[in-house]
Amino acid sequence: MKKQKKKRKLKVRGLLIILLFLSVISFALFEIKDVKIRSIIIKGNNILTDQEIIEMADLQDYPSFFTTLSYGIKKKIIKNKYVDDVKVFKGILSIKINITEKKILYVDYKTGNKVTYNDEINDDKIVCAPYLTNDVPEGKKASFFKAMNKIDDDILCQMSEIRYDPNEIDDDRYFVYMNDGNSVYLTVNKFDKINKYNTILENVGKQNGVLYLDYGDYFEVK
């Protein structure tokens, strides 16, 4: 009888230890689940503000770090029309979001200053891009669009105005007015040459004029 009582006591004690262990684990998991995100780092955005990205990802209340999934954040942000790609990384109680926005090509003042992106999205966002000041013929739009995509973002930001400006030699010729007061002539198959604009100006010096990148590649002082 004494042995049976001893065995029962051991069994009860073992059960209590297991229950206590499970309670501690459950409490710990509950506490961990409630640990909030401490910091959100966003990079690569120019069109969208940090706050806009945080709100579209539902992170404005800094939710639980452990129940917030990277995939879920990406899925919400990638739906935005300005976003081309997004990468999300989790650190120590932190979320890092790397945004790749759609490329801005120009602002068309004839359509109410609508912004044209590389997938032909139009809206009235304030951006750093040149104004298209006249109509590009329908048959020329595809090649113009393709050529604009070859221009680096920092150069697009230095361009104030662009207009379709054909002459008797080339009907694919464009005129660009730069923010610094210089002008540039380009043909549609040479748009990428303007990416070397700053390097060319270093060789020319501080003087305003016209840069001909359509034929001859020379700078003419005004």
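The values are calculated or read from the model by the stated rules, or taken from the named source; none is laboratory data. All values reported here derive from a predicted model rather than from experimental measurement. Every residue, glycine among them, receives a Cβ derived from its backbone with ideal geometry; neighbour counts consider all protein chains shown.
Pairs under 6 Å by beta carbon, first residue not assigned by TED's automatic domain parsing to the domain that holds Asp171 in segment 143-154, partner in a helix (DSSP H, G or I) and among the β-branched types (Val, Ile, Thr), six or more apart or different chains?
none
Name every residue in segment 149-190 that is surrounded by fewer than 16 Cβ atoms within 10 Å (Cβ to Cβ) and β-branched (Val, Ile, Thr), in order of residue number.
Across segment 149-190, the qualifying residue is only Ile169.
Go through segment 207-222 and give me each residue that's modelled with pLDDT of 90 or more, part of a strand (DSSP E or B) and aliphatic (A, V, I, L, M).
Scanning segment 207-222 gives Val210, Leu211.
Name the single residue that is surrounded by the most Cβ atoms within 10 Å (Cβ to Cβ) among those in segment 18-48 being of a type in the set (S, T, N, Q) and at pLDDT 90 or above.
Asn45
Having 1 or more residues that are among the β-branched types (Val, Ile, Thr) and at pLDDT 90 or above is the bar; report the strands (runs of 3 or more DSSP E) wholly within segment 107-206 that clear it.
159-164, 173-178, 183-187
Between a first residue in segment 72-83 that is in the same structural domain as Asn45 (by TED's automatic domain parsing) and of a type in the set (Ser, Thr, Tyr) and a second residue that is at pLDDT below 95 and assigned to a loop (DSSP other than H, G, I, E, B), which pairs have beta carbons less than 7 Å apart while being 6 or more apart in sequence or on different chains?
Listed pairs, sorted by first residue: Tyr82/Ile47; Tyr82/Leu48; Tyr82/Lys102.
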